[in-house]
Amino acid sequence: MKSIRELYTIGRGPSSSHTMGPARAATLFRGEHPEADHFRVVLYGSLALTGRGHLTDQAVQEALAPVDTEIVFDSRTGDLPHPNTMDLFACRGGAQTGFLRVLSTGGGAITLAGRPEAVLPEVYAETSYAEIAAWCKSHNARLPDYVEHNEGKGIWDDLYRVWEAMKRSIVRGLSVSGELPGGLHVERKAQFLHEQRHIDESQATRENRLVCAYAFAVAEENAAGGVIVTAPTCGACGVLPSALRYMQEQKGFSDEQVLRALAAAGVVGNLIKTNASISGAQCGCQAEIGSACSMTAAALGELFEMGIDQIEYAAEVAMEHHLGLTCDPIGGLVQIPCIERNAVAAMRAINALSLANFLTSTRKISFDLVVKTMYETGRDLSHRYRETAEGGLAKNYC
Ligand code: SF4
C-alpha cells in the first residue's frame, strides 16, 4: 500500500475527483506544453454529467490560464477506461501539438493513459486488515505504531498539518452564514446549529447538534470551494474532523492523541482505497461517505484505546451500514444530499464505536470482507447512481 499521505490532501473543494484531479492534470499538461496558444479539454462520463455542478470546468480553466481554453462536456461517449476520463489537447496556430488522456481516480489522484504510472513507492507490505492486525499483535503495537514503523517519524509533522487544516476548516465554516453558490439556494446551517448548542436538552441531543454543526461547517466550506482536507475525499471531508474535534473538546484529548487517531483512520482508508475504491463515480457514495465513516470509527477507536479487534469491528460496522449507498447529488453540486450526509455519518461512526465497545466478541463479518463487498456492490450499481446526477434525488428533485 502507498503512504497514508496520499489520502489526506489539503486543497480546495468541492470534489477531489472532479476538481482536484482535473486541476492537477491540467497543471501538468500546461507545464508540458508551454508553446500552446489554445487548449481544448473534453470531459467524459461523470466529469461531463456533473462537472458543471462540481466546478470542474472552472478548476481546469484556472489551471490552464491565461491560455485560451475550450471545455467540452461529452456525456455521450461510452466505453471509457474510467467514469472520470478527460482528454486534453494542446494547439498552436490551429495545429495540435499535444494530447493526453487522464483518468481522475478519486481522492485527487490521476492516472495518465499510455504512460508508465508515476509509481508511488509501496510503503506498506500488508494489504489487508487481517495482516496488519497480525503484525500489531506480534509486535505488541497499535495502528499508529504500525504507521510510524512504515512511514517514519516524519509522518507526525504531516499529520499535524492535516489536523491544523481540518480545524481551520471547522472554524471558517462556523463563521459564515448565507447561501451556498450553485443556484440550489441551499443555506449554510453550521452556524445556526452551533448557536443551538446550549439549548437545554439531553446530553445525546447536544452531542448530536455539536457534531453535526462541525460536520456541516466543513462540508459547507467544501461546497463553497474553500480549503478542506480530503478524508478520504472532498465530498466526505466533514465526517472525520467533526467527530475528532468534538471528542477532543469533550474529553480533553491532546493533539498528539488526535494525530495517532488520524494515523489509524489512514490505515483503514488506505485499505479501502487499495482493495476497493474511494470514488463515488466508481462505487457510489458508500465509497466516499461509507469510507469516511469507517475511517472515523477507527480513529475514535484509537482515541479511546480500544483493542485492534474492537477497532476492526467499529470500522466494519461503519462501512456495513453504508453498503449500497448511492451517489445522486442534485444538480451535480456537492450539497444535497452530501452536506447532511457528512453529519449523519459522523454520528453513525460514534454509534459504531459504542457497539464495538460491547459486541466485538460476537462479530461475524471482518473488515476485509465488508470492503470486498462494498467494491462488488459498487460495481453492480447502475451508472445512474455513480456520480452522474441521472438517478435518485438528482432525477426526482424539481
Ligand atoms: S452523494 Fe456522496 S459520493 Fe456523491 S458527491 Fe455527494 S458526498 Fe460525494
Cβ pairs under 7 Å, 6+ apart, first in the range 278-304 and within 23 Å of HIS383 (Cα to Cα) and near the ligand (Cβ under 9 Å from one of its atoms), second of a type in the set (Asp, Glu) and at pLDDT 95 or above: GLY280/GLU288
Meets criteria (under 16 Å from MET247 (Cα atoms), surrounded by fewer than 24 Cβ atoms within 10 Å (Cβ to Cβ) and in contact (Cβ under 8 Å) with a residue 12 or more places away in the chain) for MET347: yes
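Quick grid of which residues meet (1) over 20 Å from GLU35 (Cβ atoms); (2) in contact with a helix residue (DSSP H, G or I) (Cβ under 7 Å, 6 or more places away or on another chain); (3) not aliphatic (A, V, I, L, M):
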site	(1), (2), (3)
ALA59	yes, yes, no
THR69	no, yes, yes
SER75	yes, yes, yes
HIS82	yes, no, yes
GLY93	no, no, yes
THR97	no, no, yes
GLY107	yes, yes, yes
VAL119	yes, no, no
TYR124	yes, yes, yes
Matching entry among ALA48, ALA23 (being assigned to a helix (DSSP H, G or I), in contact with a strand residue (DSSP E or B) (Cβ under 6 Å, 6 or more places away or on another chain) and either modelled with pLDDT of 95 or more or crowded, with 20+ Cβ neighbours inside 10 Å (or both)): ALA48
Contacts under 7 angstrom Cβ, first residue in the range 376-398 being closer than 10 Å to THR326 by Cβ, partner within 13 Å of the ligand (Cβ to nearest atom) and of a type in the set (Phe, Trp, Tyr), 6 or more apart: GLY391/TYR385; GLY392/TYR385
Elements of type helices (runs of 4 or more DSSP H) contained in the range 96-185, each with 1 or more residues being in contact with a Cys (Cβ under 6 Å, 6 or more places away or on another chain): 143-151
Residue in the range 149-169 that is on the phi < 0 side of the Ramachandran plot and modelled with pLDDT under 95 present: no
Flag for GLY331 being within 16 Å of the ligand (Cβ to nearest atom), of a type in the set (Gly, Ala, Ser) and at pLDDT 95 or above: no
Candidate set: the range 26-45, residues that are assigned to a strand (DSSP E or B), among the hydrophobic types (A, V, I, L, M, F, W, C) and within 27 Å of the chain's Cα centre (by Cα); chosen: the one nearest to ALA90 (Cα to Cα): VAL41
From ALA394, ALA356, ALA352, ALA318, residue being among the hydrophobic types (A, V, I, L, M, F, W, C) and closer than 18 Å to PRO14 by Cβ: ALA394
Residue within the range 243-258 that is surrounded by fewer than 24 Cβ atoms within 10 Å (Cβ to Cβ) and within 28 Å of HIS82 (Cα to Cα) present: no
One residue from THR362, THR388, THR373 being away from the ligand (no atom under 14 Å from the Cβ), surrounded by 17 or more Cβ atoms within 10 Å (Cβ to Cβ) and among the hydroxyl-bearing types (Ser, Thr, Tyr): THR373
Some residue of the range 239-250 being within 30 Å of HIS139 (Cβ to Cβ) and within 14 Å of the ligand (Cβ to nearest atom): yes
Failed criterion for THR77 (all others in (1) closer than 29 Å to ILE228 by Cα; (2) touching a residue at least 12 places away in the same chain (Cβ under 8 Å); (3) β-branched (Val, Ile, Thr) hold): (1)
Unique match (being part of a loop (DSSP other than H, G, I, E, B) and touching a residue at least 40 places away in the same chain (Cβ under 8 Å)) among HIS82, HIS18: HIS82
From the options ALA141, ALA113, ALA65, ALA90, residue that is aliphatic (A, V, I, L, M) and closer than 26 Å to CYS283 by Cβ: ALA113
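The values are calculated or read from the model by the stated rules, or taken from the named source; none is laboratory data. Just so you know, these numbers come straight off a predicted model, no measurement behind them. Positions of Cβ are backbone-derived with ideal geometry, glycine not excepted, and every protein chain shown enters the neighbour counts.
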